[in-house]
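The values are calculated or read from the model by the stated rules, or taken from the named source; none is laboratory data. These numbers come from a predicted model, not from an experiment. Every residue, glycine as well, gets a Cβ built from its backbone with ideal geometry; the counts of neighbours run over all protein chains shown.
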Amino acid sequence: MRLSARIGLAVGCTVPLLVLACGWLLLHLVARDLHREEDDHLRQRAAAVVPDARALLRASAADRPRAADTRERRLYSAALDVGIRVAGPAATFSGGPQPAPSVPLPDRAAGPVTVRDDDGSSWRALRVPVRGTRVSGTLWVFSPDTADQAQVKLVRRRVLMTALLAAPLSGLLAWGLATGASAPLRRLTRRTAGLDPRTSTARLHQEPTGVTEVDELATTLQTVLARYDEQAARTAEALDTARSFSAAASHELRTPLMSMGTNLDILAAHPDLPEPDRTEVLADLRREHGRLLGLLVMLRELGRGDLVEAEAFQALDVTEAADAAVAEARRRAPDARITLDAAPGLGVHGWEPGLRLLLDNLLANALAHGRDPQGRATVTVGVRPAGDQVVITVDDRGPGVPAEARGRIFERFQRGPDSSGSGLGLTLVAQQAALHRGSVTVTDGPGGVGARFEVRLPQAGGALPDRRNWLIGTAGTNRSQSSHKDGS
């Protein structure tokens, strides 16, 4: 059933009920007012005729017929327009308009009551006790019930007739108004019926109609379509990341797997291989196995960075993260000298696992490639404010990074000639710097010795970068802000 038909039916059923309810209330109030007027009149008449009724009872009890007749005529004259009935021990006297003697009257009544005659007419009756020194009785005063007269019945019939007529008229009127009011909703339905996000990029463009509900519905539909587009884009990103992960993994794993296969073939074909040669082959296998594990871990972390959502970002203390990363590096490299120079309470809006990944890989790179000619590792980590940014520096005392290599060391799978790493450690650093809307650069270390990696992160939050897929392409989107290297 259409909305306009529902509204018309609801109004067509509700309006007659309201008319009947209002009519019943009106009749009830009118009847109560009429009864109040009748009852006041009965009380006044009763108070006026009580002395004559008492005198009539005394004359009747004294067996004085002539005096009783006189008192009775005087009683009826004083009653005027009401009916009178006096019941005593010896006789009952009645006169004026009143119900038939056969109509039962209540034995006790504290006030006026309504009694019905045999012919259906209604009367208001008031019972008043008449007490005297020698005789007592009961005085009844009657008047026609005006609340039950033909005029009131006519009003009742007209209320019923109005209710019957109001049903179709109000229903049709409501249907017409609802049809006109729902026209913007029908237009919105026609516009959205042709939208198919799977086959078309067309989206809903709704002009304000002035109908709040329709405008709110249009806004909701636009929001739903925008969320659909966002989820579709995220799904496409996830698929691209999965494909790139598979392609990168298959490309990079081929060489170590082939090397491991060759070594395994040597061990299988020469069970009596001399011990020095066997030891060399096993060491080569362990090295390739470690490289495989490191490569898979790095690829997994790149994938996590590509798919992280904005909801995962929160307020982080960079000093605390740096302190934890330095403590972990000291545990892994007890022979290294690692110092931390950090100002307290420096915060950014970031992703905690990503920030730790950035710090851990910078420290791992410094420990692997920042040793001096004697093999000693001296690393200094600094965290300081710079305007609305937080600057993280990692200095080593190694051979440094040649100027011509600083433009590519953050690209994927860039390894030095003597590196046994995956070639993705500094790619992860560049990815996380870009993900946090920051930058990373590499320069000469303090005094021109070693290398300095500097990461700048904004303290305020913001939207995630449009392009974050570091598995699909190189760090091209970050080259303007970053230099590139890897050895971890």
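Going residue by residue through the stretch 359-374, is there one that turns out to be over 46 Å from the mean Cα position of the chain (by Cα), surrounded by fewer than 14 Cβ atoms within 10 Å (Cβ to Cβ) and farther than 19 Å from A460 by Cα? Yes, because at least one residue in the stretch 359-374 is over 46 Å from the mean Cα position of the chain (by Cα), surrounded by fewer than 14 Cβ atoms within 10 Å (Cβ to Cβ) and farther than 19 Å from A460 by Cα.
Okay, residues lined up against (1) modelled with pLDDT under 85; (2) assigned to a helix (DSSP H, G or I):
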{"residue": "R6", "(1), (2)": "yes, yes"}
{"residue": "V30", "(1), (2)": "yes, yes"}
{"residue": "L34", "(1), (2)": "yes, yes"}
{"residue": "V50", "(1), (2)": "no, yes"}
{"residue": "R54", "(1), (2)": "no, yes"}
{"residue": "R74", "(1), (2)": "no, yes"}
{"residue": "S77", "(1), (2)": "no, yes"}
{"residue": "P97", "(1), (2)": "no, no"}
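The C-beta contact set for the stretch 263-279 (first residue more than 19 Å from H289 (Cβ to Cβ) and at pLDDT 85 or above, second residue charged (D, E, K, R) and part of a helix (DSSP H, G or I), distance under 9 angstrom, 6+ apart or interchain) comprises H270/D277; H270/R278. Selection within the stretch 204-222: residues that are among the aliphatic types (A, V, I, L, M) and under 13 Å from T189 (Cα atoms). The member of this set that is modelled with the lowest pLDDT is L204.
Before we move on, is T199 in a helix (DSSP H, G or I), modelled with pLDDT under 75 and either more than 14 Å from A5 (Cα to Cα) or of a type in the set (G, A, S) (or both)? So T199 does not fit the description; no.
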